[in-house]
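Chemist: Handing you this structure, nothing more for now.
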Amino acid sequence: MLVVRAINERDLNGLFELASQVGTGMTTLKPDMKMLGDRLATACASFAETIPPEERDYMFVMEDTATGRLAGVCAIKGAVGLTEPFYNYRIGTLVHSSRELSVFTKMETLYLSNDLTGSSELCSLFLHPDYRTGHNGKLLSKSRFLFIAQFPHLFTEKIIAEMRGYQAEDGSSPFYEGLGRHFFKMDFHHVDDLTALGKKSFIAELMPRQPLYIAYLPQAAQDVVGQVHKSTAPARRLLEQEGMHYEGYVDIFDAGPVLQARVSELRAIRQSELAVIAPDEDIVHACAPATTEPTLVSNTTLKDFRMIVSEAVNVNGSIDLSSAEQQLLRCRTGDTVRTLPLNVRKNNA
Amino acid sequence: MLVVRAINERDLNGLFELASQVGTGMTTLKPDMKMLGDRLATACASFAETIPPEERDYMFVMEDTATGRLAGVCAIKGAVGLTEPFYNYRIGTLVHSSRELSVFTKMETLYLSNDLTGSSELCSLFLHPDYRTGHNGKLLSKSRFLFIAQFPHLFTEKIIAEMRGYQAEDGSSPFYEGLGRHFFKMDFHHVDDLTALGKKSFIAELMPRQPLYIAYLPQAAQDVVGQVHKSTAPARRLLEQEGMHYEGYVDIFDAGPVLQARVSELRAIRQSELAVIAPDEDIVHACAPATTEPTLVSNTTLKDFRMIVSEAVNVNGSIDLSSAEQQLLRCRTGDTVRTLPLNVRKNNA
Amino acid sequence: MYVVRPVETADIPALESLAAVTMPGVHTLPRSRDKIELAVERSLASFAAQVDIPSEESYLFVLESLTERHPAERRICGTAAIFASAGSNGTYFSFRNDVIQQVSRDLNICHSVHALTLCSELTAYSQLSSFYADPAVQDGPEAALLSRSRLLYALQQPQRFGDRFFVPLAGVTDEAGESPFWNALGRKFFKMDFLDAERVIGGARNRTLIVELMPHYPVYVPLLPGDAQAVMGQIHPSGELAFNLLTAEGFEADEYIDIFDGGPILQAHKHALRTFNSSQTLRVRTGASTSREGQRLNYAISNNGSAGFRAITLACPDLDGVEAVALTPELQDLLRVAEGDSVTCVRI
Amino acid sequence: MYVVRPVETADIPALESLAAVTMPGVHTLPRSRDKIELAVERSLASFAAQVDIPSEESYLFVLESLTERHPAERRICGTAAIFASAGSNGTYFSFRNDVIQQVSRDLNICHSVHALTLCSELTAYSQLSSFYADPAVQDGPEAALLSRSRLLYALQQPQRFGDRFFVPLAGVTDEAGESPFWNALGRKFFKMDFLDAERVIGGARNRTLIVELMPHYPVYVPLLPGDAQAVMGQIHPSGELAFNLLTAEGFEADEYIDIFDGGPILQAHKHALRTFNSSQTLRVRTGASTSREGQRLNYAISNNGSAGFRAITLACPDLDGVEAVALTPELQDLLRVAEGDSVTCVRI
């Protein structure tokens, strides 16, 4: 069975094995023992609350309890951009209008910004290919929202996620070719590697500072602004279902979109509910819906936060979890858990 | 009894009387027969759908059915900024950081923008002082959200409302004194009057084009960025309860905040429900909550849209409206209405 | 023999025939009779005006060829104008060619990026314009005389002009009148063809609609298409003579270009111009300077008087260090000077 | 008698005592023995270098007073330096003083707003600096000679310098070393006192941290507090002499100011400088030019040779139109020239 849980000191080797599977395109999860060790230490300190909230980096792993193998990883950073500048392009609108000539031109404009400084960030999501079935992807991605819903005070008002931008078949980025290359005079992948080394802010020294009309860019670059990499489309959809939106911020290199949300408007905040673990008595059973939806269930402990997908349902504040499930969550009857339907309810409007 | 309804051709005199009560500070509702007549004609054409959605201006009046007197008015514009530029300042963040000196400076910056071009706008809310009691203010303000919930396809993805900015006791605007005056060299109230004449965009020709650090402004100006006029605070709260947020856009003259929301995230869209008018049978009554909350109820007709506040409750898709209420809504038993609890439900998290 | 003098009403027919032969698409001379008349009237009024502060004056000069044997046979074979104050009634807009240094210490990268910034810095400069020289005189010193006579006049009448001068030269367009620079930039904001835009704006660079429509933020040159970059600061072939004469005078290109076609705008402080920093004031003595032996140099000579500006060319020995210049009675007549009067001389 | 010459190693102690008397807070001379030695070494190497493209060279000149009766009694009473290329190894940052025209047709409003834009335009200009003249010579032609000798050298060695020159002059600070301009601007980004900032940056204007910390968008001047606006482009009292000499030379203020203290940066194209556009090359003849009667004018005279740059002042009749300048054997010795050699002369 699979459980998503707070990472702990014993996970370093498993994390390294996982990182070795990641390949290119994910700058925050490289198979580098030193980097991973540092990050793990920060994550453990985060769950132990021994460092300030804005420095925290909550990492979660998905464990296959049958084998003890780590099947996936994901993380939430307490705040970005507080030690080195966090850059994005923000897309704005400028209108050029002359009544005399009856010309009205609405232009989209790129502003180099640090607007997202201080936001909490969802990042480092990776699911091992062997486990890409069933609800696993959803469990892993959405587990973070349940954590946020349980501990909203740990996060800033705004939560973001950077999505990998569009790339052509040959791995090149049309946006980079149309813009960044003129200022960096090096390959996209070289830039990407530098980013991986944490040098993103220094590269940004070379970016043009003044607002840019998107119309100046080649059509191929214009077309991919805010477009995700083909392989990232499912991840984007999952986040959008949870209430995150593309609000016009994109990556300065590949123009991949940043999804963002107010924490208070996340589906998990609005729809998750607490429940007490209780045996399945008749009355509860009777009131339960006929067809059940899979439910995300977590315990409510920061230090050893754990989540599963269950077929059990929260009925009027009670939930009947099997003893195996209780064990996965390190809970027992009478404990309080948090529940959230795994899938989005359709609005009745 | 009070009903909020789509304005119609016979309301011009009543509208003029209402506008005569408005006083200064509301640029879109002046007691000018020509201006009001033009606006009324546009509003009627909007409800009749004889002009394109982006040109529409849906005006609603609150009528005291006992006297036929108009007690209030409010409106929704289909789209702003499509005939002349719609300017705001957007507040962004720039980080200036030098590792060498260990200096990390986060600065707020004003960008002159037309970002909100094309948004739908809530505007022209005015309730006659005689009627400022009970639920009247809520009914009038929130009626627009119910209209949007019923006809979301008529609106753009983004809805905004400009709030009057902070003024000192003497009516001066600290923000204007700290910024605009240097570029306009005229009084705030003169600028305000020009705005009333629809000359806002031309005044904007004089605004500085380049991004401005807020730190350059005098402290008194910095302090009021995004702050509403004292008398506007209740209106702001109402809109915020409905899901609108201040997202960093402010007026270029007085720095009053713009509240905005995605239409899909408005409370009215998420929580309003349809119901069929049905007599109060025992079964319905039995399932109704013991204490009732006032409910906004509207008909579902664009051309003669009408809303009231009722004590009746939508129970499993049925609602028992009195015949007086049905008459106010121009409905009868078996018709479908839309309901929304007048007050915001607290989240159970 | 040639003389440069202020335009007169009698020149209007001659100007009209000149305008007929100038190239299409290049804004040098007014075309229609009406506009020519207007320009001549404005010039007459400007020369006649008492000026304290340069304003809307516009001075038009003509180059006249004189046949020594038949003094009545005169022909206008060139024009040149100078506006006292560019953008009067508003602002003269141009693109300033900024260089932005891009430096990254970590990556050890340092390079420069060009950017075009809409600016109003040339406002109130004096503006040279409408230079046209008949093909017959384009290779001789007369073309240089014509171009420079405006500055000689400015040297004598400093109160009529600014301390700085500029000259916009037509940029590159193709046979169809398309401008690659316009297509990459102005078209995106104006949504119309280059020639249409020039027509609606009347060739002006001081209109409010420029503020309304042109970009307010710098345009990074590397983002422009190659053909637009290639023509930035490049002159239309018809402007080559003017360009060469002006750079020889001391004007500098590179700093500003035209906002519409990207053509070069040459500019200089008057101190940097040879007419201002290398001219001499000499006394006139009667003599045939052309009879002497030895190397002869070409000079532009103008009167200094108020009796009507006149300028001629003179080939004579080096005037460096001399106190007087020898002029034949005919040339003295042309310049409206007499022995003992002072004249301004500068090498061509 | 005074002579300006390149600094020599033997001058180090004299420079040290000069440094001790210059005003605190004003960056003219290096202070410490170490830094003085470094500056002298760098100057010696620069004068000795074969230069094709101006780079990191820095030339330091001294004004030496000589007692005619006791030639051994020499005293250093001034310094002046010139850097070949400002911001070498990076970028020289300054604020450009832009004027933005604000026009509203509807409201019939047209006024101009000043804005300061961080720019790198002065990069690769040649930079004059380190001007200091002993109070004893401040009112005489020697101070002018000292300032100008750098340009005389540049005139002779154009390959060592740019075509444009600038001079930053210290801006206004109060007794406590506070700069109103810094307090309004730099402090908001650097979060430290003016003197601390100058200390950490070592007086430089070419450091990456300037890009990192200073504002990237123009600063609208009307938004600055009154005291900051009041000192923009104003000189520290200690810079008055240098300012007067430089503006007389043809340098212009107003276009650029210092990014830290708002002091003026004077700049000019060499063509606009009197040393370049009004100097004469004359032959030396032996004579006592000072013995003649009549009006005498002050000239700066420098040798043209490679035998070590020397420049002196000379009061003599107008040299306009003459072919030779009369110099006593003593002066010829000072200049290291002989009869028949050419020297460069320019009026002070």
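The values are calculated or read from the model by the stated rules, or taken from the named source; none is laboratory data. Remember, it's a predicted structure, so these values are computed and weren't measured experimentally. Cβ sites come from the backbone with ideal geometry, for glycine too, and all protein chains shown count toward neighbours. Just the protein is used for accessible areas: all its heavy atoms, side chains included, with ligands, DNA and RNA removed. Shrake-Rupley method; radii C 1.70, N 1.55, O 1.52, S 1.80 Å.
Chemist: So, for chain C, what is the accessible surface per residue at a probe of 1.4 Å, expressed in square angstrom?
Modeler: On a per-residue basis, chain C sits at 41 Å².
Chemist: Still on this structure, I have one more. Under 5 Å between amide H atoms, partner at least 5 residues away or on a different chain: which partners does D:Asp254 have, H built in plane at 1.01 Å?
Modeler: For D:Asp254, the qualifying residues are D:Ile265.
Chemist: State, to one decimal in nm², a quarter of the convex hull surface area for the C-alpha atoms of segment A:1-156, i.e. the direction-averaged projected area.
Modeler: 12.9 nm²
Chemist: Could you work out the per residue convex hull volume over the alpha carbons of segment C:158-207, in cubic angstrom?
Modeler: Output value, Cα hull per residue: 115 Å³.
Chemist: Roughly how large is the B-A contact in terms of buried accessible area, totalled over both chains, probe 1.4 Å, nearest 100 Å²? Each step should come with its number before you reach the end.
Modeler: Values: alone 16940 and 16920 Å², together 30840 Å².
What B and A bury together is about 3000 Å².
Chemist: While we're looking at this one, here's another question. Over chain B, give the accessible area per residue in Å² for a 1.4 Å probe, as an integer.
Modeler: Values: 13880 Å² over 349 residues.
Averaged over the residues of chain B, the accessible area is 40 Å².
Chemist: For a quick check, take a GNM of chain B with Cα springs below 10 Å and name the residue from B:Leu146, B:Leu194, B:Leu259 with the largest mean-square fluctuation.
Modeler: B:Leu194
Chemist: Counting only protein heavy atoms, what percent of the accessible surface of segment C:226-296 is carbon or sulfur at a 1.4 Å probe?
Modeler: Answer for segment C:226-296: carbon and sulfur cover 44 percent of the accessible area.
Chemist: Residues of C:204-210, mean number of Cβ from any other protein chain within 10 Å of their own Cβ, rounded to a whole number?
Modeler: Mean inter-chain Cβ contacts per residue within 10 Å come to 4.
Chemist: Let me ask something additional. Between copies, how far apart are the D:His114 label points? List them in nm, one decimal, shortest first, with each point 7 Å from Cα toward Cβ, please?
Modeler: Output for D:His114: 3.1 nm, nearest copy listed first.
Chemist: Same structure, new question: With the crude spin-label approximation of a point 7 Å out along Cα→Cβ, what separation in nm comes out for A:Arg237 versus A:Ala66?
Modeler: In this crude spin-label approximation the distance works out to 2.7 nm.
Chemist: 5 Å is the cut-off here: which amide hydrogens, built 1.01 Å from N in the peptide plane, fall below it relative to B:Gly72, excluding neighbours closer than 5 in sequence?
Modeler: Distant-sequence amide H within range of B:Gly72: B:Met62, B:His128.
Chemist: Using protein heavy atoms only (no ligands, DNA or RNA), what is the total accessible area buried between D and B, 1.4 Å probe, nearest 100 Å²?
Modeler: Numbers: alone 16650 and 16940 Å², together 30820 Å².
Roughly 2800 Å² of accessible surface disappears when D and B pair.
Chemist: Note down the relative contact order for chain D as a percent, whole number, built from C-alpha pairs under 8 angstrom at least six residues apart.
Modeler: Worked out over chain D, it gives 17 percent.
Chemist: At A:Thr83 and C:Leu195, where each label point lies 7 Å from the Cα along Cα→Cβ, what is the point-to-point distance in nanometres?
Modeler: Those two pseudo-labels are separated by 6.3 nm.
Chemist: Further question: Can you give the calculated 222 nm mean residue ellipticity of chain A, where each DSSP H run of n ≥ 4 adds -39,500 (n - 2.57) and the sum is split over every residue, rounded to the nearest 500 deg cm²/dmol?
Modeler: Helices in chain A give a 222 nm mean residue ellipticity of -6500 deg cm²/dmol.
Chemist: A follow-up question, please. Checking buried surface per residue: for segment D:94-112, which residues lose a minimum of 30 Å² accessible area in the protein assembly relative to the chain alone (1.4 Å probe)?
Modeler: Listed in order, they are D:Arg96, D:Gln101, D:Gln102, D:Val103, D:Ser104, D:Arg105, D:Asp106, D:Leu107, D:Ile109, D:His111.
Chemist: ³J(HN,Hα) across segment C:201-215 via Karplus (A = 6.51, B = -1.76, C = 1.60, θ = phi - 60°), whole Hz, x for Gly/Pro?
Modeler: These are the phi-based 3J(HN,Hα) values: 9, x, x, 6, 10, 10, 9, 3, 5, 5, 4, 5, 10, 6, x Hz.
Chemist: Mind telling me which of B:Val225, B:Val250, B:Val103 comes out most flexible in a GNM of chain B, alpha-carbon contacts under 10 Å?
Modeler: Looking only at B:Val225, B:Val250, B:Val103, the largest GNM fluctuation is found for B:Val103.
Chemist: If you build the Cα gyration tensor of chain D and take the root of 5 times each eigenvalue, what three semi-axes come out, in whole angstrom, biggest first?
Modeler: 39, 23, 18
Chemist: Please give the calculated 222 nm ellipticity per residue for chain C, where each DSSP H segment of at least 4 residues contributes -39500 (n - 2.57) and the sum is spread over every residue; nearest 500 deg cm²/dmol? Before the final figure, lay out each step's value.
Modeler: Numbers: 11 runs with 93 residues, N = 348.
The helix contribution divided over chain C gives -7500 deg cm²/dmol.
Chemist: Accessible area of chain A with a 1.4 Å probe: how many percent of it is carbon plus sulfur?
Modeler: Summing carbon and sulfur atoms, their accessible area is 51 percent of the total for chain A.
Chemist: Round to the nearest 0.05 the FRET efficiency obtained for B:Asn343 and B:His182 when R0 = 45 Å and r is the Cβ-Cβ distance.
Modeler: Step by step, r from the Cβ atoms, then E = 0.50.
Chemist: Tell me the distances, shortest first, between D:Thr247 and the same position across the other copies, using label points 7 Å along Cα→Cβ, in nm to one decimal.
Modeler: 3.5
Chemist: Just the number, please: buried accessible area between D and C, total of both chains, 1.4 angstrom probe, nearest 100 square angstrom.
Modeler: 1800 Å²
Chemist: Kindly provide the pair-distance distribution of the protein assembly as shown built from C-alpha pairs, with 10 Å bins from 0 and whole-percent values in order of increasing distance.
Modeler: Computed distribution, short to long bins: 1, 7, 13, 15, 16, 15, 12, 8, 6, 4, 2, 1, 0, 0.
Chemist: Here's another thing I want to ask about it. Going by a 1.4 Å probe on protein heavy atoms, which residues of segment B:233-272 end up with at least 20 Å² less accessible surface in the whole assembly than in their chain alone?
Modeler: B:His245, B:Glu247, B:Arg262, B:Glu265, B:Ile269, B:Arg270
Chemist: Next up: May I ask you to report, in nm to one decimal and beginning with the shortest, the distances from B:Gly68 to the same position in the other copies, taking label points 7 Å along Cα-to-Cβ?
Modeler: Label-point distances to the other copies, shortest first: 8.7 nm.
Chemist: OK, next. Distances longer than 27 Å among the Cα atoms of chain A: what percent of all pairs is that?
Modeler: Percentage above 27 Å: 50.
Chemist: Related question: Any of A:Lys30/A:Lys303; A:Lys34/A:Lys142; D:Lys35/D:Lys270; B:Lys230/D:Lys188; B:Lys30/B:Lys77 with alpha carbons more than 22 Å apart? Name them for me.
Modeler: A:Lys30/A:Lys303; A:Lys34/A:Lys142; D:Lys35/D:Lys270; B:Lys230/D:Lys188
Chemist: Want the number for D:Thr67 to D:Asp174: 0.36 nm per residue separation, take away the alpha-carbon distance, what's left? Each step should come with its number before you reach the end.
Modeler: Working: separation 107, 0.36 × 107 = 38.52 nm, distance 3.92 nm.
Full extension of this stretch gives 34.6 nm more.
Chemist: Running a GNM on chain A with Cα contacts under 10 Å, which residue among A:Leu82, A:Leu18, A:Leu116 ends up with the highest mean-square fluctuation?
Modeler: Of the options given, A:Leu82 has the highest mean-square fluctuation.
Chemist: Just checking the output field for A:174-182: average partner chain Cβ neighbours within 10 Å of each residue's Cβ? Intermediate values should be presented prior to the final figure.
Modeler: Numbers: counts 0, 0, 0, 0, 1, 3, 0, 1, 5.
Taking the mean over all residues of the peptide, I get 1.
Chemist: Counting only the backbone N, which residues of segment D:123-158 are under 12 Å from the spot 7 Å out from the Cα of D:Thr247 toward its beta-carbon?
Modeler: No residue qualifies, since no backbone N sits under 12 Å from the label point.
Chemist: Give the angle, between 0 and 90 degrees and rounded to the nearest 10, that separates the Cα long axis of helix D:141-156 from the longest principal axis of the Cα atoms of chain D.
Modeler: 90 degrees
Chemist: Report the label-to-label distance for D:Arg74 and C:Asn108 in nanometres (one decimal), using points 7 Å from each Cα along the Cα→Cβ vector.
Modeler: 4.4 nm
Chemist: Could you list which residues have their amide H under 5 Å from that of C:Ser129, counting only those 5 or more apart in sequence or on another chain, with H placed in the peptide plane?
Modeler: So C:Ser129 has HN proximity to C:Ala81, C:Ile82, C:Phe83.
Chemist: Hey, another quick one. Convert each backbone phi in segment D:331-346 into a coupling constant with the Karplus relation 6.51 cos²θ - 1.76 cosθ + 1.60 (shift: θ = phi - 60°), then list the ³J(HN,Hα) values in order as whole Hz, x for Gly and Pro.
Modeler: My calculation for segment D:331-346 gives 5, 4, 4, 4, 7, 6, 10, 10, 3, x, 5, 9, 10, 9, 10, 8 Hz in order.
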